[in-house]
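Asker: Okay, here's the structure, questions in a sec.
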Amino acid sequence: MAQTSQPGVNHPKPRFGKMPYWVEPVFTLIAFSGFVIYALWEVLFHNTGTYHNYVSPFFSPDIAGWLGVHILTALYVAWMPFVFRFSCYYYRKEYYRAFTFHPFGCAVPEPKSHQTRPYKGEWKINNLHRYTWFLAVFVLIFLWKDVVQAFIFPNGFGVGVGSLILLVNAILLTGYTFSCHAWRNMIGGRKDCFSCTAHGKKPVSYGIWRRVSALNVFHGWWAWASMFSVWIADLYVRLLIMGVIHDVRLF
Amino acid sequence: MADEFILSIFRGDADGGQEVEYRVPRVEGMVVLDAVHHVQAHEAQDLAVRWNCKAAHCGSCSAEINGVPKLMCKTRLDEYEGQTVHIQPMKTFPIIKDLVTDVSWNYEVAKKIPAFHPTVAAPFRMQQWDVDRIQEFHHCIECFLCQDVCHVLRDHQEKSQYYGPRFMVKMAEFEMHPMDRADRIPQIKNEGGIGLCNVTKCCTSVCPQHIHITDNAIIPLKERVADRYYDPIRNFFRKLGGKGDESQPE
Ligand code: SF4
Ligand code: SF4
Ligand code: FES
């Protein structure tokens, strides 16, 4: 069974872990494309995301309302989380693998077409990730306001399935936003010596940096979980508005 | 459970070669390097393989096992039950013979990294919890598996443009040291070529020392490069206040 080979040629397809190498990028490709198509449908064909006391994350805050515009209202909000996620270090891993094949999988040869195109590295625009973080925090504040509102029904406090979905969504988005690498740098990661400016003591920023670092280990998990929770939350409100489903009041 | 393992080992040099099949009797708990040694002792005395410690400490026995960059001494053969085990030299470095590659490029890069530059002459005092962060980087055994798998070096052969993940770890080790005062940020950005890394994390996935190469070394360094070069607002205030970079002790 000896095969003729130059070193580097005829390398068997690598297998990291239990699954074939292409499963993860193919899943990413389908999930991201699916989400983007869904988001476009939402942005292009709907102008409201409010159902009684529930507001879809695509439509909050109501920037279009503040500006007095009535078309493409979701667009005024959606671009903010979009640029945040696009420049996120974790998303870069996923899309550079799944969409640009740089590389498709570890130790998997890149496509032949890459040999004739020089590789220039990352897109420089991604260095502005730190600014997009503030946009994400801005939106997040309103989503928490929506969570509070989602528990207040005309007859007072109550809990519906929608309230819980919006709550879980806000929690996951908070985990995602505050496990961000740019935030981790801002809050203290850029310092070499915490004790030097704190008379040998542990300053508050050290404690925060440690906690953010602990969250950051799971940044990829937060990224996926919160993407799906936004998707589910929006779909739930959309289906309520369309009258396809009815909200279940738990109490 | 078969009583032997089938290995297919690359035999050849820069002029080419081929995989040759060998059968090795099964010994409970054996690793790939044991099997390669068995072949060397019984069937092919001229089989070239580099190793030293057989304990995942020296970083010599790096190879590609069924396509995955791994240490031969840390890879158990029973992981490959029922499969032919293909063993090949690292792809990113020039081959010398069989499983031995010429990794000297890495040592050339190492020479370019400015040594530790303490703010005050040793002996000095520092807080343990301030240096905890860089402890992880000291675990590196220089196996160069991360360099081997990095697509910038492996597929694009950008060895003149990018130092590679191992040396970003080395840079981070000094750059984040509480007592170091050398400014490495311009080098990390320019000659070091950190912008070529697109954080696809293959280096992290092969590191036998489980160093969080991307999350704890490369990304924090990219953020520091952004602090210095890609943050117009920070730059504005830096110019206004004539303030130095916080990552550098004054
Ligand atoms: S994360 Fe960067 S350094 Fe690591 S393998 Fe990928 S491109 Fe190379
Ligand atoms: S960082 Fe890990 S993979 Fe890279 S040379 Fe060091 S020990 Fe090996
Ligand atoms: S022989 Fe030392 S690391 Fe494998």
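Asker: Kindly provide the set of residues from the range A:89-105 that are within 10 Å of chain B (Cβ to nearest Cβ) and either within 16 Å of ligand 3 (Cβ to nearest atom) or assigned to a loop (DSSP other than H, G, I, E, B) (or both), ordered by number.
Answerer: A:T100, A:F101, A:H102, A:P103, A:F104, A:G105
Asker: The conditions are (1) under 30 Å from A:F16 (Cβ atoms); (2) modelled with pLDDT under 95, and A:N155 fails exactly one of them. Which is it?
Answerer: Condition not satisfied by A:N155: (1).
Asker: Among what's in the range B:11-27 and is of a type in the set (A, V, I, L, M, F, W, C) and buried (at least 18 other Cβ atoms within 10 Å of the Cβ), pick the residue that is farthest from the other protein chains (Cβ to nearest Cβ).
Answerer: It comes out as B:V24.
Asker: Okay, next question. Would you mind finding the one in A:W222, A:W231 that is at pLDDT 95 or above, under 14 Å from A:R85 (Cβ atoms) and touching a Gly at 6+ places or on another chain (Cβ under 8 Å)?
Answerer: Only one candidate qualifies: A:W222.
Asker: Out of the residues in the range A:152-193 that are in contact (Cβ under 8 Å) with a residue 24 or more places away in the chain, of a type in the set (F, W, Y) and not in a helix (DSSP H, G or I), state the one that is surrounded by the fewest Cβ atoms within 10 Å (Cβ to Cβ).
Answerer: Taking the candidates together, the pick is A:F153.
Asker: A follow-up question, please. Please enumerate the residues belonging to the range B:40-91 that are within 16 Å of ligand 2 (Cβ to nearest atom) and either of a type in the set (A, V, I, L, M) or assigned by TED's automatic domain parsing to the domain that holds B:H139 (or both).
Answerer: B:A55, B:A56, B:A63, B:I65, B:V68, B:L71, B:M72, B:M90
Asker: Take the range B:211-230 and flag every residue that is in contact (Cβ under 8 Å) with a residue 24 or more places away in the chain and either β-branched (V, I, T) or part of a loop (DSSP other than H, G, I, E, B) (or both).
Answerer: The answer is B:I211, B:H212, B:I213, B:T214, B:I218, B:V225.
Asker: Turning to a different aspect of this structure: Out of B:V49, B:V24, B:V109, which single residue is in a helix (DSSP H, G or I) and modelled with pLDDT of 95 or more?
Answerer: B:V109
Asker: Can I ask one more? Hey, could you check the range B:140-156 for residues that are farther than 17 Å from B:E64 by Cβ and of a type outside the set (D, E) and say which is farthest from ligand 2 (Cβ to nearest atom)? Spell out the reasoning first.
Answerer: First pass over the range B:140-156, keeping only residues farther than 17 Å from B:E64 by Cβ: B:140-142, B:152, B:156.
Applying the additional criterion that residues be of a type outside the set (D, E) yields B:140-141, B:152, B:156.
Numbers: B:C140: 3, B:I141: 5, B:V152: 14, B:H156: 18 Å.
The residue in question is B:H156.
Asker: Could you list all residues from the range A:96-126 that are touching a Ser or Thr at 6+ places or on another chain (Cβ under 8 Å) and surrounded by 20 or more Cβ atoms within 10 Å (Cβ to Cβ)?
Answerer: Scanning the range A:96-126 gives A:Y96, A:R97, A:A98, A:H102, A:P103, A:C106, A:N126.
Asker: So, of the residues in the range B:181-230 that are among the acidic types (D, E) and at the interface with another protein chain (Cβ under 7 Å from one of its Cβ atoms), which turns out to be farthest from the chain's Cα centre (by Cα)? Working first, answer last.
Answerer: First, pick out the residues of the range B:181-230 that are among the acidic types (D, E): B:183, B:191, B:215, B:223, B:227.
Subset that is at the interface with another protein chain (Cβ under 7 Å from one of its Cβ atoms): B:215, B:223, B:227.
On the way: B:D215: 15, B:E223: 21, B:D227: 26 Å.
It comes out as B:D227.
Asker: Suppose we filter B:F137, B:F174, B:F116, B:F124 for residues that are of a type outside the set (V, I, T), within 19 Å of B:K222 (Cβ to Cβ) and more than 9 Å from ligand 2 (Cβ to nearest atom); which single one remains?
Answerer: The match here is B:F174.
Asker: Among the numbered criteria (1) farther than 28 Å from A:R210 by Cα; (2) assigned to a loop (DSSP other than H, G, I, E, B); (3) touching a residue at least 24 places away in the same chain (Cβ under 8 Å), which one does B:S160 miss?
Answerer: (3)
Asker: A follow-up question, please. Within the range B:184-207, track down each residue that is in a loop (DSSP other than H, G, I, E, B) and either hydrophobic (A, V, I, L, M, F, W, C) or under 19 Å from B:A110 (Cβ atoms) (or both).
Answerer: Within the range B:184-207, B:R184, B:N190, B:E191, B:G192, B:G193, B:C197, B:V199, B:C207 qualify.
Asker: Could you figure out which of (1) in the same structural domain as A:Q149 (by TED's automatic domain parsing); (2) within 30 Å of B:T101 (Cα to Cα); (3) part of a loop (DSSP other than H, G, I, E, B) isn't true of A:H70?
Answerer: Result: A:H70 fails condition (2) only.
Asker: Still on this model: Can you give me the number of residues within the range A:106-133 that are in contact with a helix residue (DSSP H, G or I) (Cβ under 7 Å, 6 or more places away or on another chain) and more than 8 Å from chain B (Cβ to nearest Cβ)?
Answerer: 3
Asker: Determine if the range B:105-113 includes at least one residue that is in the same structural domain as B:C150 (by TED's automatic domain parsing) and of a type in the set (G, A, S).
Answerer: Checked against the condition, which is being in the same structural domain as B:C150 (by TED's automatic domain parsing) and of a type in the set (G, A, S), the range B:105-113 yields at least one hit.
Asker: Which residue pairs have Cβ atoms closer than 9 Å, lie 6 or more positions apart in sequence or on different chains, and pair a first residue in the range B:61-73 that is touching a residue at least 12 places away in the same chain (Cβ under 8 Å) and polar (S, T, N, Q) with a second residue that is within 16 Å of ligand 1 (Cβ to nearest atom) and not in a helix (DSSP H, G or I)?
Answerer: Short answer, once both residue conditions are applied: B:S62/B:P69; B:S62/B:K70; B:S62/B:M90; B:S62/B:C143; B:S62/B:F144; B:S62/B:P208; B:N66/A:P14.
Asker: On to the next question. Consider the range A:232-251. How many of its residues are over 17 Å from A:A150 (Cα atoms) and in a helix (DSSP H, G or I)?
Answerer: 0
Asker: Given (1) modelled with pLDDT of 95 or more; (2) surrounded by fewer than 17 Cβ atoms within 10 Å (Cβ to Cβ), identify the lone condition not met by A:Y76.
Answerer: So the condition that A:Y76 fails would be (2).
Asker: When the residues of the range B:156-177 are filtered to those that are within 9 Å of another protein chain (Cβ to nearest Cβ) and at pLDDT 95 or above, which remaining residue is farthest from ligand 1 (Cβ to nearest atom)?
Answerer: Only one residue tops the list, namely B:H177.
The values are calculated or read from the model by the stated rules, or taken from the named source; none is laboratory data. This is a predicted model, so every value here is computed, not measured. When we count neighbours, we look across all protein chains shown, and the Cβ atoms used for this are built from the backbone with ideal geometry, even at glycine.
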